[in-house]
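Take a look at the structure below.
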Amino acid sequence: MSLKKIFYYDEFSCAGGKCPDNCCHGWSIPLDEAARQRFLKEKGLLGLSLRLCMRGKEQKIFSAMSISCPFLTPGGWCSLQKRRGEEFIPDVCREYPRIRMNYGPEAEFLLDLSCIRMAELFLQHLDENELKEAEQCELPEQYGDNDDETYFRELLDWRREIVSRIRSSAEGGAETLNNCLSTITAHAYEVQGKMLKGEETGVLSDICAEKKTASLFPLSINAVNEMMSTCFFEGWMQYSAPFLYRLCKMYYRGFDRLNYRQGEKKLSELFEKHIASDPHMVKILAEYFISTVNCRFLQCYEDYSPYRRLTDGLISMNLIMLFYMLWAAKYGPPPERTLAHIISVTEKRVFHNDMALKDLHAALQPEVFGK
């Protein structure tokens, strides 16, 4: 088995109490079975406190969408870990933001950009945003049960082709990157349709340049409005995700009273001023998209959804770009720490809330393909 790590995987260290956006609030924690059993067997007041935090029919959700975990101390540390040790807390809490995927033929170790420290590392290593060969070590259980190694190798080739094309097109500027994103997305949509019908797909990395969708970099104002009208934004976020709430309110204040023509004009002006004229921001957004491809594209080894995995990244990339432009228009280009914060809170809301992501896909689909 081949083992690969994102280049800066071993540089990660938790900021703990100094983190400006602690990971112990604003989302539900899936309980692994071992942790669930530990919590159910725990006695005394601690056991009662743990069981009060367990939700769901089978009690497999912990701290369900709470503003903050009841075991988070004022100093930003986990009192449960301090009291009972790291092995006692759920696997997700222990592993985050590390992503360890075992596909069978290959395993990959990556880092989740919903952690602000990870987002900072990403920005500091834009020229090293690569997977490298690593030494063998203890691996997690295999993801899924697909054993079609030929298909997996095709996916690896396809992913390499996508990454290469995105990186190369970004050097040509925003328009070239948009054309590339449109081409690879249209191709993935066609391939996914054939897969689901049981048809032969041919060589997956053979991306046909003439097949394109609507603009994806940036999306139209219709698509943006539709996405921002989903449960991606909810009022209670002012307590659980105050920075993201602030970013969303900037959008509503700027676009709510505009008609389609006015909104499209304003979005185009923001894009030309803050993105298209700044090659470094085009590179950052391209590398961000590549990070989502590295982290998530191979999951279609199990669910045969290459288009879905690519549009995951398109959604989050466009939202990050929107919030960047709004911030830059009001305060000037954000410093690296603020940009990392924009990336992390958007990524957290998109990729760690299944309902929000489902709604975002539903909002995007008609605008991109007219279906």
field: Accessible heavy-atom area order of Asp312, Asp10, highest first, probe of 1.4 Å
entry: Asp10, Asp312
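Excluding Asp278 itself, calculate the net charge of residues whose Cβ lies under 15 Å from the Cβ of Asp278, where each Lys or Arg counts +1 and each Asp or Glu counts -1.
On the way: positive: Lys273, Lys283; negative: Glu171, Glu175, Glu269, Glu272, Glu287, Glu336.
Local net charge: -4.
Once R0 is set to 41 Å, what does the formula 1/(1 + (r/R0)^6) return for the Cβ-Cβ distance between Phe7 and Ala214, expressed as a FRET efficiency to the nearest 0.05? Kindly include the intermediate steps, with their values, before the conclusion.
Numbers: r = 34 Å, r/R0 = 0.83.
Using R0 = 41 Å, I get an efficiency of 0.75.
Which whole-number percentage describes the relative contact order of the chain, with Cα contacts under 8 Å and a sequence gap of 6 or more? All intermediate terms of the calculation are to be shown ahead of the outcome.
On the way: 477 pairs, mean separation 75.0, N = 371.
Answer for the chain is 20 percent.
Quick one: divide the alpha-carbon radius of gyration of the stretch 209-321 by 2.2 N^0.38 Å and tell me what you get.
Details: Rg = 15.6 Å, N = 113, 2.2 N^0.38 = 13.3 Å.
Computed over Cα atoms of the stretch 209-321, the ratio equals 1.18.
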- line: Taking alpha-carbon centroids only, the stretch 270-297 lies from the stretch 33-98 a number of Å equal to 36
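Over the stretch 73-215, what percent of the accessible surface lies on carbon and sulfur atoms, probe 1.4 Å? If you can, show how the numbers build up before the last one.
Working: 3280 of 7340 Å².
Roughly 45 percent of what the probe reaches on the stretch 73-215 is carbon or sulfur.
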message: Given a 1.4 angstrom probe, I'd like the percentage of the accessible area of the stretch 225-282 that is carbon and sulfur, rounded to a whole number.
response: 49
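Can you list the equivalent-ellipsoid semi-axes of the stretch 1-149, largest first and in whole Å, using the square root of 5 times each Cα gyration tensor eigenvalue? Please list the in-between numbers first.
Details: eigenvalues 176, 89, 31 Å².
Listed largest to smallest, the semi-axes of the stretch 1-149 are 30, 21, 12 Å.
Working out 0.36 nm times the residue gap between Thr73 and Ser277, then minus their Cα-Cα distance, what length gain in nm do you get to one decimal?
Details: separation 204, 0.36 × 204 = 73.44 nm, distance 4.44 nm.
So the extension gain works out to 69.0 nm.
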task: Would you calculate, for the chain, the mean residue ellipticity at 222 nm contributed by helices, counting each DSSP H stretch of 4 or more residues as -39,500 (n - 2.57) and dividing by all residues, to the nearest 500?
output: -17000 deg cm²/dmol
field: Sequence-separation-based contact order of the stretch 68-186, relative, with Cα cut under 8 Å and 6+ spacing, percent
entry: 15
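Percent antiparallel among DSSP beta bridges with both residues in the chain, to the nearest 5?
Details: 13 of 17 bridges.
Of those bridges, close to 75 percent are antiparallel.
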query: Can you list the lysines whose alpha carbon sits under 25 Å from that of Lys132, skipping same-chain ones fewer than 8 residues off?
result: Lys4, Lys5, Lys283
task: Provide the gained length on full extension for the span Tyr331 to Glu200, in nm with one decimal, where the gain is 0.36 nm per separating residue minus the Cα-Cα distance.
output: 42.0 nm
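Hey, what's the chain come to in accessible area per residue, 1.4 Å probe, Å²? Mind showing how you got there, number by number?
Numbers: 17510 Å² over 371 residues.
About 47 Å² of surface per residue is accessible.
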- prompt: Top to bottom by accessible area (1.4 Å), largest first, where do Lys43, Lys132, Lys265 land?
  reply: Lys43, Lys265, Lys132
statement: As straight-line cross-link partners of Lys41, the qualifying lysines (C-alpha separation under 30 Å, not fewer than 8 residues apart within one chain) are Lys57, Lys60, Lys82
message: Heavy atoms of the protein only, probe of 1.4 Å, neighbouring chains included. What is the accessible area of Asp157 in Å², nearest 10?
response: 70
field: Candidate residues Tyr151, Tyr252, Tyr304: accessible-area rank, largest first, probe 1.4 Å
entry: Tyr304, Tyr252, Tyr151
statement: Rounded to whole angstroms and listed largest first, the alpha-carbon spread of the chain along its three principal axes comes to 64, 51, 37
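Tally Lys/Arg at +1 and Asp/Glu at -1 over every other residue whose Cβ is under 13 Å from the Cβ of Met237; what's the total? Mind dumping the intermediate values first?
Numbers: positive: Arg246, Lys249, Lys348, Arg349; negative: Asp21, Glu234.
With Lys, Arg at +1 and Asp, Glu at -1, the neighbours total +2.
The values are calculated or read from the model by the stated rules, or taken from the named source; none is laboratory data. Given the structure is predicted, the values throughout are model-derived calculations rather than measurements. We place every Cβ from the backbone using ideal geometry, glycine too, and count neighbours over all the protein chains shown. Just the protein is used for accessible areas: all its heavy atoms, side chains included, with ligands, DNA and RNA removed. Shrake-Rupley method; radii C 1.70, N 1.55, O 1.52, S 1.80 Å.
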